[in-house]
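Step one of this worksheet: look at the structure below.
The values are calculated or read from the model by the stated rules, or taken from the named source; none is laboratory data. Worth saying up front: this structure is predicted, and the values here are computed from it rather than measured. Backbone-built Cβ (ideal geometry, glycine too); neighbour counts: all protein chains shown.
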Amino acid sequence: MLDTPNVFIGEVITSFRGSQKSNIKKQDLIYATLTRVDGKVRVVGLPGYVNYIPENGGEPGIAWNTVAPELDDMPVVIGVREGQTEREVLWIDKSRLQDGGQLDTPLAGHALGHMYGHTDPLWIDPRTILDLRVWPTLGTMRVNVAGGRYNAWGRGLTFAGQADLDLTAEQPPVDMKVAVGLYLSYPPQLGYVTGAVVPRPTLPIPEPAWPKQALPVALIILYGGQDYIDWEDCKNRRVLWSGPAPSILEIQVFS
């Protein structure tokens with residue numbers, strides 16, 4: 001991995017393998033791209049080595065990874081130093097980089113950790129997924145439901161969406177709270193059902209009795225005396241994957 005916190009692309013990094021600095025045989029330079037083989041940039045069984053493919057269409061190879069991050073599609077220059085016998089990653093090629101020529105290596109390594117199969121995979125809040133998403137209209141007691149495609153009741157269905165559903169009438173008395181459940185019925189139509197009104201400190205808040213022929217979408221928590229619905233008052237009730245489920249409640253949301 002890179003030994004310096006920032007690498008200015010196109011410069012030869014002086015953190016060579018070992019302490020001896022050697023001249024580079026320019027005639028042996030290979031312009032290449034780090035690439036994945038069997039899902040890995042690293043060479044299996046050879047710690048410190050990476051896979052590469054020459055830009056000129058030559059045979060894939062492996063190189064000692066002295067200065068390059070383990071990122072696929074990274075443009076690099078491969079070469080052999082005088083006095084050495086094996087190829088090394090010499091530097092990252094500025095001319096083929098698309099981000100302006102500078103690589104912040106701590107950021108690059110951190111990003112890799114968020115990829116699938118690594119130590120810190122990305123967590124996605126369901127509210128960031130657009131299809132059938134529910135969000136409040138700023139500063140009001142109204143909510144919106146995005147349209148989307150989904151599978152339910154054994155059919156592929158489309159909901160057009162609905163804007164500014166007013167829930168003011170469902171607001172409970174001061175110091176109380178209630179959960180309002182938004183759902184889709186068949187054919188696709190938005191409805192809602194209100195649960196039991198309970199004291200504000202009550203946890204967990206009781207969910208409403210969902211209709212039998214209903215596909216839950218969201219739970220909206222309303223408080224007595226509140227002026228508007230906030231994002232935190234909108235709780236997801238979509239099931240965003242397919243699998244074994246009751247016949248009327250199987251849903252897969254997709255774009």
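Overview of results
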{"item": "Which listed residue is in the same structural domain as residue 28 (by TED's automatic domain parsing) and either modelled with pLDDT of 85 or more or of a type in the set (D, E, K, R) (or both), from 51, 56", "result": "51"}
{"item": "The lone exception for residue 216 - which of (1) surrounded by fewer than 17 Cβ atoms within 10 Å (Cβ to Cβ); (2) in a strand (DSSP E or B); (3) not basic (Lys, Arg) it fails", "result": "(1)"}
{"item": "In the range 33-57, residue surrounded by the most Cβ atoms within 10 Å (Cβ to Cβ) [restricted to those that are of a type outside the set (D, E, K, R) and under 19 Å from residue 95 (Cβ atoms)]", "result": "52"}
{"item": "The one condition in (1) over 15 Å from residue 237 (Cα atoms); (2) free of Cβ contacts under 8 Å to residues at least 24 places away in the same chain; (3) assigned to a loop (DSSP other than H, G, I, E, B) that residue 172 fails to fulfil", "result": "(2)"}
{"item": "Given (1) in the same structural domain as residue 130 (by TED's automatic domain parsing); (2) modelled with pLDDT under 95; (3) touching a Leu at 6+ places or on another chain (Cβ under 7 Å), index of the condition residue 218 fails", "result": "(2)"}
{"item": "Residue that is modelled with the highest pLDDT, among those in the range 72-104 that are part of a strand (DSSP E or B) and of a type in the set (Asp, Glu)", "result": "88"}
